[in-house]
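Right, one structure below, let's go through it.
The values are calculated or read from the model by the stated rules, or taken from the named source; none is laboratory data. If you're wondering where the values come from, they're calculated on a predicted model, not measured in any experiment. FYI the Cβ positions are ideal-geometry reconstructions off the backbone, even for glycines, and counts take in every protein chain you see. The protein model used for the area step is the full one, side chains on, heavy atoms only, and it has no ligands, DNA or RNA in it. Shrake-Rupley method; radii C 1.70, N 1.55, O 1.52, S 1.80 Å.
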Amino acid sequence: MLSDVSLGEYISVPRFYAGADVFLTGGTGFMGKVLIEKLLRSCPDVGRIFVLMRSKRGKTPQTRVQDLTNNPLFEKLKRLNPSALSKLVPMYGDCMQLRLGMSPEDIQRLRNVSVVFHLAASVRFDDPLKDAILTNVLSTRELFELCLGMKALRAVVHVSTAYSNPEQTQVDERLYPAKADWRKMLDCALKFDTQILDVLTDKVTDFAPNTYTFSKGLAEQVCRDYESQLPLVIFRPSIVVNTIEEPLVGWIDNLNGPSGMLLGAGTGIVRTDLMPTGNRANTIPADISIKALLLAAWRRGTTKHTPSQNHLPVYNSAVEHEHSWQFDKMIDCGKANMTKLVFSRLLWVPGGSTTTWRVKYYLMVLLLHILPAMLVDTLCLVCGKRPFLMKIQRKVFLAQASLRYFVYHQWNFETERFRSLRNGLQGDDIAAFSWHLTEERIDQFYYDCWMGVRRYLLNDPDESLPQANRKMRRLKFADRVVKVVFYALLAYWLWKSALLQSFETQLVRLGNR
């Protein structure tokens with residue numbers, strides 16, 4: 001039983017972060033960018049924000065900050081408070097190395113940090129076990145060791161995943177028993193090469209869906225071992241998707257999850273998948289998850305705990321069942337938006353279907369993915385251009401395979417503690433950090449996500465819609481012509497085959513006479 005007691009007077013969220021130095025890993029990733037923008041915009045008096053980055057030769061710290069913020073996501077902040085970006089301080093390092101690959105001088109600069117957010121992780125499902133452990137487990141241990149030297153530390157938020165224990169279909173906001181000894185697994189990753197660990201992957205992970213969920217589960221056990229030494233919080237997002245409201249509606253900058261599916265379907269590349277359409281995916285808008293992430297650190301830093309108990313709050317950053325994405329509704333929405341928000345980079349008319357019959361799926365992959373890709377790549381070679389479509393279709397096939405476990409399984413996430421983060425807000429904090437989802441807003445969100453893919457992943461300006469619509473009409477005409485020719489040739493072949501068979505039958509009869 002966890003015992004939390006307020007420190008007394010209400011401390012607003014901006015006041016909590018005022019003057020506080022923040023250290024952030026994973027700041028160049030999707031969630032990291034949203035976190036930095038929200039922190040600078042809604043907590044303008046925050047101290048310095050140290051962002052761990054890999055070093056790049058020839059680029060100054062100022063250039064690295066420009067690279068990070070050269071994004072539509074930061075346009076509102078630049079209008080309201082452009083000087084806020086000067087608080088970003090790049091710290092060169094590498095999460096796969098001891099001491100995070102940081103220099104002693106940079107580590108010394110972190111001694112006065114008050115809040116730490118650990119977002120850095122490898123989210124690739126097909127990473128070798130060695131790489132996944134080094135990125136997700138080693139980085140966690142090394143970060144916590146650095147935190148032990150931060151004398152002003154008030155909160156350390158470890159960002160995990162709601163799927164860190166995928167064998168649990170009912171996921172509560174608590175730690176689960178370890179599936180392996182994280183220290184032994186880390187020793188193996190440091191000692192053995194990739195090939196040896198690859199051979200042992202299924203055995204040591206107990207046939208986990210992938211190395212990502214396994215290594216993130218191990219990282220949570222690292223938190224358990226440090227909970228008595230650090231003011232730790234575990235934050236578990238589900239599938240993080242486009243922003244729903246701020247600072248931009250529908251913003252996205254990666255192909256993970258549904259955004260990749262929308263992009264593939266909308267360009268006419270992806271035309272089939274093996275999917276039970278009645279299932280649901282638990283998705284949460286990035287800006288809602290980041291609000292809660294900032295509140296988790298605020299709650300940890302403004303709450304005192306009974307000294308007799310260690311305290312490690314776990315937050316499942318997920319949505320209620322009725323707000324999750326049902327696959328058939330997502331597909332219907334996609335089909336509707338394909339004609340409203342046409343992509344400029346159409347390869348062919350969007351279309352296709354899903355199935356749960358594996359034989360049919362592989363046949364559709366052959367007919368709708370592989371054969372057209374071979375034809376297009378052959379034409380590219382004839383025209384002296386580089387073939388590309390078979391390579392893309394291979395990535396599509398592997399991506400669909402890696403997601404299949406999550407498509408065919410469903411989870412129920414307890415979110416009581418997560419939702420309680422907004423309950424204690426007062427004054428201006430309610431408008432700045434609370435959130436509310438309704439069924440009507442979710443329907444609009446489907447549309448906004450599609451628009452976000454168009455604007456921010458394909459960089460299609462809204463003004464290009466008329467031209468895209470004209471291209472769609474031409475492709476629809478070409479699609480009809482191709483289908484007519486195909487069915488005509490098929491009918492002709494069947495007619496010729498029947499005619500030839502009839503002729504051969506007549507010859508046999510004549511011969512028998």
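Over the heavy atoms of THR63, what accessible area does a 1.4 Å probe trace out, to the nearest 10 Å²?
Here the residue's solvent-accessible area equals roughly 50 Å².
222 nm [θ] for the chain, helices only, -39500 (n - 2.57) per DSSP H run of 4+, per residue, to 500?
Numbers: 20 runs with 241 residues, N = 513.
Here the helix-only value at 222 nm equals -14500 deg cm²/dmol.
Across the Cα atoms of segment 379-442, what radius of gyration and what greatest pairwise Cα-Cα distance (Dmax) are found, in Å?
23.1, 67
Over 24 Å between Cα atoms, which of LYS329/LYS471; LYS78/LYS216; LYS78/LYS291; LYS76/LYS329; LYS33/LYS130; LYS360/LYS391 qualify? All intermediate terms of the calculation are to be shown ahead of the outcome.
Values: LYS329/LYS471 27 Å; LYS78/LYS216 35 Å; LYS78/LYS291 20 Å; LYS76/LYS329 32 Å; LYS33/LYS130 27 Å; LYS360/LYS391 22 Å.
Distance filter (> 24 Å) returns LYS329/LYS471; LYS78/LYS216; LYS76/LYS329; LYS33/LYS130.
With only Lys, Arg, Asp and Glu charged, each at its Cβ (+1 for the first two, -1 for the last two), find how big the charge dipole of segment 376-513 is about the Cα centre; round to the nearest 20 debye. Mind dumping the intermediate values first?
Working: 22 positive and 14 negative charges, 259 e Å.
Dipole of segment 376-513, to the nearest 20 debye: 1240 debye.
Given a 1.4 angstrom probe, what's the average accessible area per residue across segment 296-432, in square angstrom? Please list the in-between numbers first.
Working: 7630 Å² over 137 residues.
Result: 56 Å² of accessible area for each residue.
Have a look at segment 291-410 and give its Rg and Dmax from the Cα atoms, expressed in angstrom.
In Å, with Rg to one decimal and Dmax whole: 22.9, 75.
Can you list the trypsin sites (Lys or Arg not before Pro) in segment 143-240 that are in a DSSP coil and have 12 or fewer other beta carbons within 10 angstrom?
Answer in residue order: LYS151.
Considering only DSSP beta bridges whose two residues both sit in segment 204-330, what percent are antiparallel, to the nearest 5? Walk me through the numbers before you get to the answer.
Numbers: 2 of 9 bridges.
Here the share of antiparallel DSSP bridges comes out near 20 percent.
Hey, if you put +1 on the Cβ of every Lys and Arg and -1 on every Asp and Glu Cβ in the chain, which of VAL481, PHE74, VAL359 ends up farthest toward the positive end of that dipole?
Comparing the listed Cα positions along the dipole, VAL481 ranks first.
Could you check how many percent of all C-alpha pairs in segment 418-466 are farther apart than 13 Å? Kindly include the intermediate steps, with their values, before the conclusion.
Details: 817 of 1176 pairs.
The calculated P(r) of segment 418-466 puts 69 percent of pairs beyond 13 Å.
Counting only the heavy atoms of the protein chains, how much of ILE288 is accessible to a 1.4 Å probe, in Å² to the nearest 10?
Around 10 Å² of this residue is reachable by solvent.
Using 1/(1 + (r/R0)^6) with R0 = 22 angstrom and r between the beta carbons of LYS476 and PHE388, what's the FRET efficiency to the nearest 0.05? All intermediate terms of the calculation are to be shown ahead of the outcome.
Working: r = 23 Å, r/R0 = 1.06.
After rounding to 0.05, the efficiency reads 0.40.
Among PHE16, LEU500, ALA292, which residue has its Cα furthest toward the positive end of the charge dipole of the chain, with +1 on Lys/Arg Cβ and -1 on Asp/Glu Cβ?
Working it through, the farthest residue towards the positive pole turns out to be LEU500.
Given R₀ = 35 Å, what would the calculated FRET efficiency be for ARG99 paired with LEU363, taking r from the Cβ atoms and rounding to 0.05?
Values: r = 53 Å, r/R0 = 1.51.
Rounded to the nearest 0.05, the efficiency is 0.10.
Of the heavy-atom accessible surface of the chain (probe 1.4 angstrom), what whole percent is carbon and sulfur?
Its accessible area is 56 percent carbon and sulfur atoms.
At a probe radius of 1.4 Å, what is the per-residue accessible area of THR205, in Å² to the nearest 10?
THR205 exposes around 10 Å² with every protein chain in place.
With only Lys, Arg, Asp and Glu charged, each at its Cβ (+1 for the first two, -1 for the last two), find how big the charge dipole of segment 101-203 is about the Cα centre; round to the nearest 20 debye. Intermediate values should be presented prior to the final figure.
Working: 13 positive and 15 negative charges, 94 e Å.
Once rounded to the nearest 20, the dipole reads 440 debye.
Using only the Cα atoms of segment 59-98, what semi-axes does the equivalent ellipsoid have when each is the square root of 5 times a gyration tensor eigenvalue? Give whole Å, largest first.
Values: eigenvalues 113, 21, 17 Å².
Semi-axes, largest first: 24, 10, 9 Å.
With a cut-off of at most 14 other beta carbons within 10 Å, and DSSP calling the residue loop, which chymotrypsin sites (Phe, Trp or Tyr not before Pro) in segment 238-345 qualify? Please list them. Provide the component values of the computation, followed by the final result.
Details: sites: TRP251, TRP298, TYR315, TRP325, PHE327, PHE343; in loops: TRP251, PHE343.
Hits after loop and neighbour filter: nothing returned.
Would you mind telling me the antiparallel percentage of the DSSP bridges in the chain, rounded to 5?
Working: 6 of 39 bridges.
If we restrict to bridges inside the chain, about 15 percent are antiparallel.
Looking only at Cα atoms, what is the convex hull volume of segment 95-183 per residue, in Å³? Write out the running numbers ahead of the final one.
On the way: hull volume 10.2 nm³, N = 89.
Hull volume normalised by residue count: 114 Å³.
Just the C-alpha atoms of segment 367-513: what Rg/Rh do they give, with Rh taken as the Kirkwood radius? It would help to have the intermediate numbers written out before the result.
Working: Rg = 27.9 Å, Rh = 22.7 Å.
Ratio of gyration radius to Kirkwood radius for segment 367-513: 1.23.
Please go through segment 375-460 and write out the chymotrypsin sites (Phe, Trp or Tyr not before Pro) that DSSP classes as loop and that have at most 14 other C-beta atoms within 10 Å. Present the calculation step by step, with values, prior to reporting the outcome.
Details: sites: PHE388, PHE397, TYR405, PHE406, TYR408, TRP411, PHE413, PHE418, PHE433, TRP435, PHE445, TYR446, TYR447, TRP450, TYR456; in loops: PHE388, TRP411, TRP435.
Here the sparse-neighbourhood loop sites are PHE388.
With every protein chain present, what is the per residue accessible area of segment 442-506 (1.4 Å probe, Å²)?
Dividing the accessible area of segment 442-506 by its residue count gives 70 Å².
If you take the charge dipole of segment 124-179 about its Cα centre, with +1 on Lys and Arg Cβ and -1 on Asp and Glu Cβ, which of THR161, SER139, PRO128 is farthest toward its positive end?
SER139
Given 25 °C and 0.890 mPa s, compute D for segment 256-338 with the Stokes-Einstein relation, Rh being the Kirkwood radius over Cα pairs; round to the nearest whole µm²/s. Don't jump to the answer; show the numbers that get you there.
On the way: Rh = 15.9 Å.
In µm²/s, the coefficient rounds to 154.
So what's segment 9-150 giving for Cα Rg divided by 2.2 N^0.38 Å, two decimals?
After normalising by residue count via 2.2 N^0.38 Å, the value is 1.06.
Helix hunt in the chain: which complete DSSP H runs extend at least 15 Å axially by C-alpha with mean Kyte-Doolittle at least 1.0?
Working: long enough: 30-42 (18 Å, 0.60); 211-226 (23 Å, -0.56); 286-301 (23 Å, 0.57); 327-340 (20 Å, -0.56); 371-382 (17 Å, 2.00); 389-408 (27 Å, 0.41); 439-452 (19 Å, -1.01); 465-512 (69 Å, 0.07).
Length and hydropathy pass: 371-382.
Dipole size in debye (nearest 20) for the chain around its Cα centre, Lys and Arg Cβ +1, Asp and Glu Cβ -1? Before the final figure, lay out each step's value.
On the way: 65 positive and 50 negative charges, 380 e Å.
Using Cβ point charges on Lys, Arg, Asp and Glu, the chain gives about 1820 debye.
Among CYS188, CYS380, what's the order by accessible area (1.4 angstrom probe), most exposed first?
On the way: CYS188 40, CYS380 20 Å².
Output order, biggest surface exposure first: CYS188, CYS380.
In a Debye calculation with equal point scatterers on the alpha-carbon sites of the chain and no solvent, what is log10 I(q)/I(0) at q = 0.10 Å⁻¹?
Listed by q, the Debye log ratios stand at -0.85.
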